[in-house]
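K.L.:
Before anything else, here's the structure in question.
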Amino acid sequence: MPEGLDEILSNIHKLQVQNKRVAREAVSEVADKTADILKGNTPVDGGQMQSDVAVSGFKGGPQGQIEKDIGFGKSAGWRVKYPDTGTIYQRAQNFKEKTISEARPIAKQIYADKITEGLKL
């Protein structure tokens, strides 16, 4: 079982090269869980921002990287910055940072499990 963050990161790169199927599964699983957390942390504004949480398709294929983007779509994405960072009339809610801090341990665990499965460690 990988211990430190540096070891996990180096094993992720090995996994991307040696077992792409498991690497894609890991990235998809982490992206879906992070999107669910983001939906839960997004403030309710009639449900428009929450329903606009989106996960992109796989990116970085030509560069040899397997990654997905998680965020908001075009309909609400332009205005998410106002409740997140705040304005002179509204305090910052920091739901993006809260999502990152909540999703980090979950992502580490998923990646560690998939690394041990994919690389047979």
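K.L.:
I'm trying to understand the selection: among the residues of region 8-26, which are open to solvent by less than 50 Å² (accessible area, probe 1.4 Å) and either part of a loop (DSSP other than H, G, I, E, B) or over 15 Å from ARG104 (Cβ atoms) (or both)? Write out each step before concluding.
P.N.:
From region 8-26, those open to solvent by less than 50 Å² (accessible area, probe 1.4 Å) are 8, 11-12, 15-16, 19, 22-23, 26; that's our starting set.
Selection gives ASN11, LEU15, GLN16, ASN19, VAL22, ALA23.
K.L.:
Can you tell me which of (1) out of contact with any Phe, Trp or Tyr (no Cβ under 7 Å at 6 or more places or on another chain); (2) part of a helix (DSSP H, G or I); (3) modelled with pLDDT of 85 or more; (4) not polar (S, T, N, Q) is the one TYR89 doesn't meet?
P.N.:
(2)
K.L.:
Let me ask something else about it. Quick one: which residue in ILE70, ILE66, ILE88, ILE106 is open to solvent by 30 Å² or more (accessible area, probe 1.4 Å) and over 12 Å from the mean Cα position of the chain (by Cα)? Lay out the reasoning, then the answer.
P.N.:
Values: ILE70 fails: over 12 Å from the mean Cα position of the chain (by Cα); ILE66 fails: open to solvent by 30 Å² or more (accessible area, probe 1.4 Å); ILE106 fails: over 12 Å from the mean Cα position of the chain (by Cα).
Checking each option against the conditions leaves just ILE88.
K.L.:
Then there is this: Which of (1) open to solvent by 40 Å² or more (accessible area, probe 1.4 Å); (2) modelled with pLDDT of 85 or more; (3) closer than 22 Å to ASN11 by Cβ; (4) in contact with a helix residue (DSSP H, G or I) (Cβ under 9 Å, 6 or more places away or on another chain) is the odd one out, the single condition ASP32 does not satisfy?
P.N.:
The failed condition is (4).
K.L.:
How many residues are assigned to a loop (DSSP other than H, G, I, E, B) and either among the small types (Gly, Ala, Ser) or loosely packed, with under 12 Cβ neighbours inside 10 Å (or both) when one looks only at region 73-85? Break it down stepwise before answering.
P.N.:
We begin by selecting, within region 73-85, every residue assigned to a loop (DSSP other than H, G, I, E, B); these are 73, 78-80.
Those left that are additionally either among the small types (Gly, Ala, Ser) or loosely packed, with under 12 Cβ neighbours inside 10 Å (or both): 73, 78.
The number of residues fulfilling the criteria is 2.
K.L.:
Is it the case that region 44-59 has a residue that's under 16 Å from the mean Cα position of the chain (by Cα), in a loop (DSSP other than H, G, I, E, B) and surrounded by fewer than 13 Cβ atoms within 10 Å (Cβ to Cβ)? Spell out the reasoning first.
P.N.:
Of all residues in region 44-59, those under 16 Å from the mean Cα position of the chain (by Cα) come to 50, 52-59.
Remaining after also requiring in a loop (DSSP other than H, G, I, E, B): 52, 56-58.
Among the residues that remain, those that are also surrounded by fewer than 13 Cβ atoms within 10 Å (Cβ to Cβ) are: 56-57.
Checking region 44-59: at least one residue is under 16 Å from the mean Cα position of the chain (by Cα), in a loop (DSSP other than H, G, I, E, B) and surrounded by fewer than 13 Cβ atoms within 10 Å (Cβ to Cβ).
The values are calculated or read from the model by the stated rules, or taken from the named source; none is laboratory data. All figures in this text were calculated on a predicted structure; none of them were measured in a lab. Glycine gets a Cβ as well: all are built from the backbone with ideal geometry, and neighbour counts include every protein chain shown. Note: accessible area is taken over every heavy atom of the protein model, side chains too, but ligands, DNA and RNA are not part of it. Shrake-Rupley method; radii C 1.70, N 1.55, O 1.52, S 1.80 Å.
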